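The values are calculated or read from the model by the stated rules, or taken from the named source; none is laboratory data. Please read all numbers here as calculations on a predicted model, not as lab measurements. Heads up, the Cβs are rebuilt from the backbone with ideal geometry, glycines too, and the neighbour counts pull from every protein chain shown. Areas reflect the complete protein model, heavy atoms only, side chains present, ligands, DNA and RNA absent. Shrake-Rupley method; radii C 1.70, N 1.55, O 1.52, S 1.80 Å.
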Amino acid sequence: MMNSLPKSAFLAFMLCGLVLFQSVYGQTNIPKKADNTYSLEDCIRIALETNPQVKQSEIQVQRDNNIHEQSRWQRWPSLSFNAAQGFNSGRNIDPFTNQFVQQNISQNQFQLGSSVILFSGFQLKNTVKRNEINIKASQKDLDAARNDIMLNVALSYLQVISNEELIGVAQRQVDASNLQVDRTKKLVEAGTLAESNLLDLRAQLANDELTLVNAQNNLETAKLNLKQLMNMPGSDEINLIKIPVADPNLKAYDATIQQIYESAMSNLPQMKAAELRTEAAKKNIEIIRGSAMPTLSLNGGINTTFSSVAPKERFISDGSPSKSQVVTSSSDYIIVNDQQYPIVQTVSTPGGTLKHFGYLDQLNFNRNSSVNLSLRIPIFTNFQVRYNLANAKLQQQTTEFQAQQVQLTIRKNVEQAYIDMNNAAKRYSATANQVRALTEAFRVSQVRFDVGAINSVEYNIAKANLDRANGNLVQTKYDYVFRTKILDFYMNRPLSDF
């Protein structure tokens, strides 16, 4: 909508979107008066809370915040658990004894592992800093997006206010023409004036009524545009609270272009966002440089396994003293003088009992743990680091040029706003002088027309000139005041005092 309007109109009306910038941020509810009357604060707040573009920017801030939080957790050890179930048949290795067996085996494996990076060329540290910068940049982008929405809302809001005031001017023109038609009609009936004078005045009255209708139509169109920005149905009734604007005093602005420019550079969110993007690009270069450095990591784990062919019973020592007994072998013997004598030996039996060896017992028996320190030194990586670093430097240069473009745009806007303010002051001063002169000229024409010294054509010309001048005075008044407030916005000054 802004692109379809003259630049001067945009600059004249964009201020009101900034008048209550801080107060809008502090509001969360959407008040709606009983008579469907809204203030500028209400309109901006509703538009911000319902606009999809602002919602997308808010989501981007949340995403960048999640990325930052996740990168911070990267510095902590990781922990994982793995479990596996297997079934083997034929010739296999028994996972319990590590011997070959010729039978079916069912097995379970469990592993609990942890790993932490001790050093990786400061990549983790720089990644956290880069992501933190990205959050700030996204927040500034969100501020800029909100500004854009508020400028559009303020433009439509001021279009409504302007058209309402122009309706008042047009209505006064119609009322004055009606009075003159009634008076002239009486004079014509009395034979003092010719009937042609009455016809001319009625034609002027018709022109004034057409001007009034056009102003009313423009008001309805402006209201529709505002309701669409607020995502309200076009059929809803809406009334706006008029912003009181005092007549300009045409004093010289108390800051130079350079002072305004320096203030805008330090306050506008788009400039800060561009600077943050450049800073993030520098951190990205440091991250890529870190990928060419050695990586030292610490790993640890606990493992266990279960085998279906493991013995179901095992002797478990209980720590009691060993027992010795004489055992005569039933199968081993020696021959002495052709006589067989069984071998008798003393066997020492440790203290303990034969117990059932269940599933959990086997897992506990097979448990083992490991800790290792791993060092990775990149020697040749197909020049990936080299070209990634070159591209990162190019990206940094791109962000620097983008920041320069934002800087040039701000300077251009400040200089244009300053010139427009001076030009608006000249137009308002000239229009005010014109209204004073035409008011006096019309007063004289009124008197001369009443006494028949001039005809209705000359009278209508004088009235039309004054009517146009009054309408121009309203427009130039708003034009000058709001262009001055634009400079106040660049200077970070309060904008609520009109």
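Over region 184-243, the hull volume per residue, using the convex hull of the C-alpha atoms, is 120 Å³.
Using C-alpha pairs under 8 Å with a sequence gap of at least 6, the mean separation divided by the residue count of the chain gives a relative contact order of 23 percent. Probe radius 1.4 Å, ligands and nucleic acids ignored: give me the carbon and sulfur share of the accessible area of region 154-231 as a rounded percent. Carbon and sulfur: 50 percent of the exposed surface of region 154-231. If you model region 361-442 as an ellipsoid using its alpha carbon gyration tensor, with each semi-axis the square root of five times an eigenvalue, the axes come out at 77, 24, 7 Å, biggest first. Accessible surface for region 274-355, divided over its residues, is 66 Å² per residue with a 1.4 Å probe.
Here the gap between Gln228 and Gln402, fully extended at 0.36 nm per residue and compared with their Cα-Cα distance, gives a gain of 59.4 nm. Ordering Pro342, Phe449, Asn65 by Cα displacement along the dipole of the chain toward the positive end leaves Pro342 in first place; charges were set at the Cβ atoms of Lys, Arg (+1) and Asp, Glu (-1). Ignoring ligands and nucleic acids, what accessible area does Val61 show with a 1.4 Å probe (Å², nearest 10)? Probe radius 1.4 Å; accessible area of Val61 about 20 Å². Dipole size of region 349-498 about its Cα centre, with +1 on Lys/Arg Cβ and -1 on Asp/Glu Cβ: approximately 400 debye, rounded to the nearest 20.
Once the cut-off is 25 Å, how many percent of the Cα-Cα pairs in region 252-355 end up in the long-distance tail? Everything past 25 Å amounts to 72 percent. Modelled spin labels at Gln102 and Arg183, positioned 7 Å past Cα toward Cβ, are 13.1 nm from each other. Placing unit charges on the Cβ atoms only, positive for Lys and Arg and negative for Asp and Glu, gives the chain a dipole magnitude near 1320 debye about its Cα centre. Computed on the Cα atoms alone, the convex hull of region 44-132 gives a volume of 192 cubic angstrom per residue. For Arg277, the solvent-accessible surface computed with a 1.4 Å probe is close to 80 Å², ligands and nucleic acids excluded. Taking amide H positions as modeled 1.01 Å from N, with prolines and chain starts lacking one, no residue 5 or more places away or on another chain lies under 5 Å from Ile243.
Projecting label points 7 angstrom from Cα along Cα→Cβ for Arg376 and Val457 puts them 9.5 nm apart.
Measuring max minus min along each principal axis, the C-alpha atoms of region 235-299 give extents of 74, 46, 18 Å (largest first). Given +1 at the Cβ of Lys and Arg, -1 at the Cβ of Asp and Glu and no other charges, the dipole of region 32-133 around its Cα centre is 300 debye to the nearest 20. In plain terms, the bigger the Kirkwood radius, the slower the diffusion; for the chain, with that radius from Cα pairs, at 37 °C and 0.692 mPa s, Stokes-Einstein puts D at 102 µm²/s. Axis of helix 456-490 versus longest Cα principal axis of the chain: the two differ by about 30°, to the nearest ten degrees.
Subtracting the Cα-Cα distance of Ala437 and Glu313 from their residue separation scaled by 0.36 nm leaves 32.7 nm. In units of the compact-protein estimate 2.2 N^0.38 Å, region 31-94 shows a Cα radius of gyration of 2.62. Ligands, DNA and RNA aside, Phe380 has an accessible area near 130 Å² when probed at 1.4 Å.
Mean residue ellipticity, 222 nm, helices only, the chain: the sum of -39500 (n - 2.57) across DSSP H runs of n ≥ 4, divided by residue count and rounded to 500, is -21000 deg cm²/dmol. Using R0 = 51 Å, the C-beta based FRET efficiency linking Phe357 and Trp73 works out to 0.75. Taking the Cβ-Cβ separation of Lys426 and Asp254 as r and a Förster radius of 22 Å, what is the calculated FRET efficiency to the nearest 0.05? Step by step, r from the Cβ atoms, then E = 0.75.
Kindly list the residues of region 455-492 that lie in the label zone of Thr192, defined by a backbone N under 19 Å from the point 7 Å along the Cα-to-C-beta vector. Answer for region 455-492: 455-460.
Here region 275-325 has 56 percent of its accessible surface on carbon and sulfur atoms, given a 1.4 Å probe and all protein chains in place. Please work out the FRET efficiency for the pair Lys125 and Glu262, using the Cβ-Cβ distance as r and a Förster radius of 25 Å; give the result to the nearest 0.05. The calculated FRET efficiency here is 0.15.
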